[in-house]
Structure formats: structure tokens, C-alpha cells
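Read the structure below first, then the notes.
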Amino acid sequence: MIKQKNNMLAEFNGPIVSLQHIQKTFNPHSVNEITIFQDFNLDIKKHQFISVIGSNGSGKTTILNLLCGSLAVDNGKILVKGKSVNKKKEFQRAKFIGRVFQDPAKGTCPELTILENMAMAEAKDKHFGLAFGVNRKRMDYYKSQLSLLKLGLEDKLHVQVGSLSGGQRQALALLIATMTHIDLLVLDEHTAALDPKSADNVMRLTDQFVKEKQLTALMVTHNLKFAIDYGNRLIMMHKGGIVLDAAYEKKDALQVDDLLNQFNQISIETGN
Amino acid sequence: MDVFISLLINIFEEGFIYGIMAIGVYITYKVLDFPDLTVDGSFPLGMCLTGLLVSLGVDPWVSCILSLLSGALAGSITGILHVKFHITNLLSGILVMTALWSMNLVITNDSAVLSFFNKPTIFNSGIGSSFTGVMEDYKVLIMTGVLVIIVKIIIDIYLKTKSGLLLRAAGSNPQFVTSLGRDSGKMKILGLAIGNGLTAMAGGVLGQQANSANINSGTGMVVMALASVIIGTTLFRKIKIMKATTAVVLGSVLYKTCLSLAMLIGLPNKFLKMLMAGIFAVVLISNNILGGRRKRIYDKTKK
């Protein structure tokens, strides 16, 4: 029975995530009423690594919040592997959607040690019962995972995460988010709060993990260079709609200048 | 000299009993970052329930366990009000604390004091009756000491389990708990249940030590417990090998010592609660002055 179910999942060939006819209005029935999405549609296929760019207020982050369940949609359907997740709460969706936030403090627990954070990340698929929190037998595995980050964290297992730098914490958060099986990795401007060197490092790691672990990813960024250099699909959003959607070869042909031109065009059209 | 020793014994006895409560409040206040006012109601709840059960002839240890469960229930209600119905943490505690006042009157059948002399308590039956001769003077001291150590060890072990790690994470970064696919609200409710369960058990043990349950015993318990937690964790912060649970029990003993000394030099009884608040205020102010510099540095690294 279970095997059959697994086979069915393996055979699922449709989009991993499908947003259909999404509507969202903030502060309805008040003077501050803002309709962000009237009819938003997006399909994310398996192994796509999508960069989403767009000006402030274009709805990039709102889409992530709707997808992860931090916000509820007014209308429309959110499907993950063909099944509606509309009624699932944020923590329930987190089981199959990994998320890395802009704020490096959000993806790890500062009071606990690196080791304890890793142990919890690994327990995500299992039970959080009364078994001892840290399994010493897994130390080597944690060390090998941490060494992927090339930050020397594998020698600091007993250091509290709160004392690490933002770049280190964000790299650790990325590792934690991708340690167990997830259907989609959501990256919410995850390099925006880091210095240029750390940002480059975290972005390179992101690309490495997405390729090695064969992930499907949705990344919101303000960094046009990252959007061009990484991923295999690029989406530009404006006022709750998609104004540019280039995948694979079409995306490879894009240059930063093209994007800037497009940005300016939109600005002129809307009189900004 | 005898007076001095018996005073000292009394300080430690009560310090240990309140220490059980301090461990509970450490869970809610320090681990969960939840200022829980339910404590003022759950302490007498445990005391009154134990009083009723013991006077009905129920096994005193079973009474302690039932007190613990009653407190856990009260704490869960506070948690549910806060988590599921989005009432602020302070108000949720006040609501349950106020409601418990009536509950306690129901338990004691409208009397303010419920005495149960000559009934078997944990201190005069079973293990308690095996202390004879010289040891009898130290009976309560030893038993409360062992009890608080057992509670401390259980909580220390729990905080290292997977569930315990999740509880600690729920206090310091609820978003992380969510990211792990778990409900951080549930962990808050669990933490409040543990905190108030231990508080009610402390009430039950104190009632058995005094052979009576007092419905007014809850007043000032929040202050007493928080003062113990803050004195303990501040004073012994430098000692790395000391567990926070040990520190808060010692904090409780120290706080009790301050109160007893003030009474010893002749402070009238009516000023007791004022003194309790006064010492706590001094602790908070000195904590802010001492911790001010450290906090600024911490904030900088956080940014």
C-alpha cells in the first residue's frame, strides 16, 4: 500500500508547485485597502531554480508568504505535487517547504549549540519525543555536512549559534533547511543582510546544494547579478503580475542591462 | 544556638520547597520567555487540593502527583488562551489566576484555611516515619532536599531530550520551530503546563509541611519565584558548570534567607509582602546596572 503510494508520487510529472488564480487584498474594506494580486498564476516545475526580481511592493515576498502559509490567500489554489495545501498551517507546510529568511537569526536557534541545531534539523522528519536530543553516533555525519560550508564550523560543534556571524548563521540555516527531504526550497532575499563576501559565499553554497541535492528552488532577490548568474528561470514581477518570464536558454541570454532597461520601462509607464 | 540552627533548617526547608516552584518558573520565564502570572493561583491550587485529598485520607504522595496535574491543567489553560485565542501573555495569566481563586474556594469548601493535623502526610508516614531520634529534626530538610534534587535532575534530563530542545527553541526562536514543521504554540502550552505543575506541587509539599492549606498563600508567589530565578541565574552566571536549575534553587534559598533575616531583626509581619517586593526590586535594578554593559555588547553582535 505504502509502496504503491510512493510509486504514485514518483510518477507525478506535473509542476511541483502550482499557484492558481491567487487573489490577495490587504486591509479589506478600509481606506488602506491594497489589492496585491487579482489573478496570479505560476507553475514551478521539478528542478527549476527560479530567481524572482521586482521593485518594492511588486508582491515578491507576499507570494512567498502565501506559499509558505504565513499569510492566507483570499481566493485561488496552492497545489504542491498536485495536492491543495490551502488548509495547511505554516508549520505543516514547513515539512515539505524549506525556507531561508533574509534575517540570519530566523533560521537557527541562537541559545543552542551548532550540534544541537544540527540534531534538531535531522529530527525534522522524525519524532521530537523523549529520546536524547543529540545522538553522538551522528557526530561524524554532522561534521561532514558542516564541512561542506567551508567555514570551519565542523570544529565548533559546541559553540552557541548566537555567537556566530551573520554569514556563518545564514550558511548554517541553509544547510539546516536542506538537510531533510523537501519539495521546494524558498529563499527570501537570503543574502540581502550579508556583507558582499558572505553574500557571495552563501549564494555559491545555495547553487551547490540545489545542484547536488537536486532541489527545486524559488529565490526572491534584489541582486540582479545573482538573478542572472544563478538559476535556470527568471521572473520579473510588477504590481502583482509577471512581466517577464524567461527559462533555460532564454534566461541564459539575459544580461543585467536587459533587466535594468525593463525596470526603467516599467517605471516610465507607471510614471514613477 | 539551637534557635539559630532551627532557623537555618527552616530557611533551607522552605527554600527547597519554593525551589521546586522556582524550577517551574525558570521553564516559563527563562526558557519560554513567558512572564506567567498563573503562578499566584496554581500555587494555592496545589496546596488546597493536597489539603483536601490528604484530609480525605488519600495517599500523600498521590496527592502531590494530583496537585502537579491540577497545576499542569491550569498552566495549559493559560497557554491555550494565549496561543489559540491570542490573548497577551500577562492577561492570560491574570485570567486563569483570578478564576483559580474561586476554584480554590470550591476545593476548600469556602474556608480560608484547611487544617489536616493527625492525617498522614509525606513527612509523617511511609518514608517520613522512618526518621527517628536525632534524625527526626532533619527529616523535612532531607526529604525536601532530595525531592528538589530529583525534580532538578528530571528537568535537566528533559531539557536535553529532543522535546526539550524544541521547548528551548520555542522560547528563543519560534520561527525555527515552525521551520522544523512543528507547532511552536504547542510547545508553549507544554512549557506552561510543566511550570505550573511544579508550582502546584511545591504548594502541595508546603501544605503538608505546615499541615494546613491556606487559600491566601498564592499572593506574592510570582514575585517570590521570579526573584529566585533572577537572583540565581544572575549571581551564578559566571559559574559555567552550574546548571541553571541548580542556580534557581540556590536563588530561592538566598531569597528565603533575606526574608528570614529581616523577620529575625524584628520587622513586623505585615511588612513581609512589601519586603518581598522590595528585595525583588533591588535585584532587578542591580541586575540592570550590572547587566547593562553586557547587554549593549550583546545587542551589537545581534545586529
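List the residues whose amide H sits under 5 Å from the amide H of B:Leu267, counting only those 5 or more places along or on another chain, with H placed 1.01 Å from N in the peptide plane.
Placed amide hydrogens put nothing under 5 Å from B:Leu267.
Label B:Lys238 and A:Gln265 with points 7 Å out from Cα along Cα→Cβ: what is the distance between them in nm?
6.8 nm
Quick one: Kirkwood hydrodynamic radius for the stretch A:124-191, alpha-carbon pairs, angstrom, one decimal?
13.6 Å
Residue by residue through the stretch B:38-45, what is 3J(HN,Hα) from phi via Karplus (6.51 cos²θ - 1.76 cosθ + 1.60, θ = phi - 60°)? Round to whole Hz and write x for glycine and proline.
3J(HN,Hα) across the stretch B:38-45, in whole Hz: 4, 3, 4, x, 6, 5, x, 4.
Within 10 Å of each residue's Cβ, count the other Cβ atoms and sort A:His181, A:His127 from fewest upward.
Result, fewest neighbours first: A:His127, A:His181.
If you build a Gaussian network model of chain B, linking Cα atoms that sit under 10 Å apart, which residue out of B:Ser228, B:Ser115, B:Ser163 swings the most?
B:Ser163
Quick check: residue separation of A:Asp258 and A:Ala246 times 0.36 nm, minus the Cα distance between them. What number comes out in nm?
Residue separation times 0.36 nm, minus the Cα-Cα distance, leaves 3.1 nm.
Taking the beta-carbon count within 10 Å as an exposure proxy, list A:His238, B:His82 from fewest neighbours to most.
Starting with the residue having the fewest Cβ neighbours, the order is A:His238, B:His82.
Translational diffusion coefficient, Stokes-Einstein: compute it for chain A using the Kirkwood radius over C-alpha pairs as Rh, at 25 °C and 0.890 mPa s, and state it as an integer in µm² s⁻¹.
123 µm²/s
Of B:Leu166, B:Phe34, B:Ile87, whose Cα points farthest to the positive end of the dipole of chain B (charges on the beta-carbon: +1 Lys, Arg; -1 Asp, Glu; origin at the Cα centre)?
Farthest towards the positive pole: B:Leu166.
Label the stretch A:91-163 by shape, choosing from rounded, prolate and oblate, from the square roots a ≥ b ≥ c of the eigenvalues of the Cα gyration tensor; if a/c is under 1.5 it is rounded, and otherwise prolate applies when a/b is larger than b/c, oblate when it is not.
Verdict is oblate for the stretch A:91-163.
In peptide B:224-233, how many Cβ atoms from other protein chains are near each Cβ within 10 Å, on average?
Counting Cβ atoms of other protein chains within 10 Å of each residue's Cβ and averaging gives 0.
Residue-wise, which Karplus ³J(HN,Hα) couplings in Hz belong to the stretch B:172-184, taking 6.51 cos²θ - 1.76 cosθ + 1.60, θ = phi - 60°, and x for glycine or proline?
Using θ = phi - 60°, the values come out as 8, 7, x, 4, 5, 4, 4, 4, 7, x, 10, 7, 5 Hz.
Looking at the P(r) of the stretch B:107-228, how many percent of alpha-carbon pairs lie beyond 20 Å?
Cα-Cα pairs of the stretch B:107-228 separated by over 20 Å account for 59 percent.
For the stretch B:213-276, just the Cα atoms, rotate onto the principal axes and tell me the three extents in Å, largest first.
Projected onto the principal axes, the Cα atoms of the stretch B:213-276 cover 39, 28, 17 Å.
For the stretch A:137-193 and the stretch A:51-69, compute the distance between their C-alpha centroids and round to whole Å.
Here the answer is 24 Å between Cα centres.
Which ³J(HN,Hα) values in Hz, rounded to whole numbers, follow from the phi angles of the stretch B:138-149 under the Karplus curve 6.51 cos²θ - 1.76 cosθ + 1.60, where θ = phi - 60° and Gly and Pro get x?
Result, rounded to whole Hz: 9, 3, 5, 4, 5, 5, 5, x, 5, 4, 5, 5.
Please compute the length gained on full extension between B:Ala99 and B:Leu290, using 0.36 nm multiplied by the number of residues separating them and subtracting their Cα-Cα distance.
Full extension from B:Ala99 to B:Leu290 adds 64.9 nm.
What shape does the stretch B:1-96 have by the C-alpha gyration tensor, where a ≥ b ≥ c are the square roots of the eigenvalues, rounded means a/c under 1.5, and otherwise prolate means a/b greater than b/c and oblate the rest?
oblate
Which of the residue pairs A:Lys156/A:Lys213; A:Lys45/A:Lys239; A:Lys60/A:Lys89; B:Lys160/B:Lys188; A:Lys81/A:Lys213 have a Cα-Cα distance greater than 22 Å in the structure shown?
A:Lys156/A:Lys213; A:Lys45/A:Lys239
For chain B, what size does the Cα cloud have along each of its three principal axes, sorted from largest down, in whole Å?
61, 40, 36
Spin-label point model (7 Å from Cα, Cβ direction): what's the B:Asp137 to B:Ile149 distance in nm?
Going from the B:Asp137 label point to the B:Ile149 one covers 2.1 nm.
Under 23 Å between alpha carbons, and skipping anything fewer than 8 positions from B:Lys273 in its own chain: which lysines qualify?
B:Lys256
Tell me the mean residue ellipticity at 222 nm calculated for chain B from its helices only (DSSP H runs of n ≥ 4, each -39500 (n - 2.57), averaged over every residue, nearest 500).
Helix contribution divided over all residues of chain B: -24500 deg cm²/dmol.
Give, to the nearest whole percent, the P(r) tail of the stretch B:31-140 beyond 23 angstrom, counting all Cα pairs.
Every Cα pair in the stretch B:31-140 considered, those over 23 Å come to 41 percent.
Would you work out the charge dipole size for the protein assembly as shown about its Cα centre, treating the Cβ of every Lys and Arg as +1 and the Cβ of every Asp and Glu as -1, and quote it to the nearest 20 debye?
800 debye
Partner chain Cβ atoms within 10 Å, averaged over the residues of B:154-162 - can you pull that number for me?
The shielding value for this peptide is 3.
Can you compute the helix-only [θ] at 222 nm over chain A? Use -39500 (n - 2.57) per DSSP H run of at least 4 residues, normalise by all residues, nearest 500 deg cm²/dmol.
Computed ellipticity for chain A at 222 nm equals -10000 deg cm²/dmol.
Choose one answer from B:Leu272, B:Leu73, B:Leu226: the residue with the largest mean-square fluctuation in a GNM of chain B with alpha-carbon springs under 10 Å.
Between B:Leu272, B:Leu73, B:Leu226, it is B:Leu272 that shows the largest mean-square fluctuation.
Using a Gaussian network model of chain B with C-alpha springs under 10 Å, which one of B:Phe280, B:Phe271, B:Phe34 is most mobile by mean-square fluctuation?
Among B:Phe280, B:Phe271, B:Phe34, the largest GNM mean-square fluctuation belongs to B:Phe271.
Among B:Cys64, B:Cys48, B:Cys258, rank each residue by its count of other Cβ atoms within 10 Å, from fewest to most, as a rough exposure measure.
B:Cys258, B:Cys64, B:Cys48
What FRET efficiency would be calculated for the residue pair B:Thr257, B:Ile87, taking the C-beta separation as r and a Förster radius of 30 Å, to the nearest 0.05?
0.20
For a quick check: with amide H placed at 1.01 Å from N, whose amide H comes under 5 Å from A:Met219's, ignoring anything fewer than 5 positions away on the same chain?
A:Ile50, A:Ser51, A:Val52, A:Leu187
In whole Å, what are the Cα extents of the protein assembly as shown along the three principal axes, biggest one first?
Taking max minus min along each principal axis of the Cα atoms, the protein assembly as shown gives 93, 55, 50 Å.
FYI, it's all coordinate maths here, none of it is from the lab. Predicted, not measured: the structure shown is a model, and the values here were computed from it. Please note: Cβ atoms are built from the backbone with ideal geometry, for glycine as well, and neighbour counts cover all protein chains shown.
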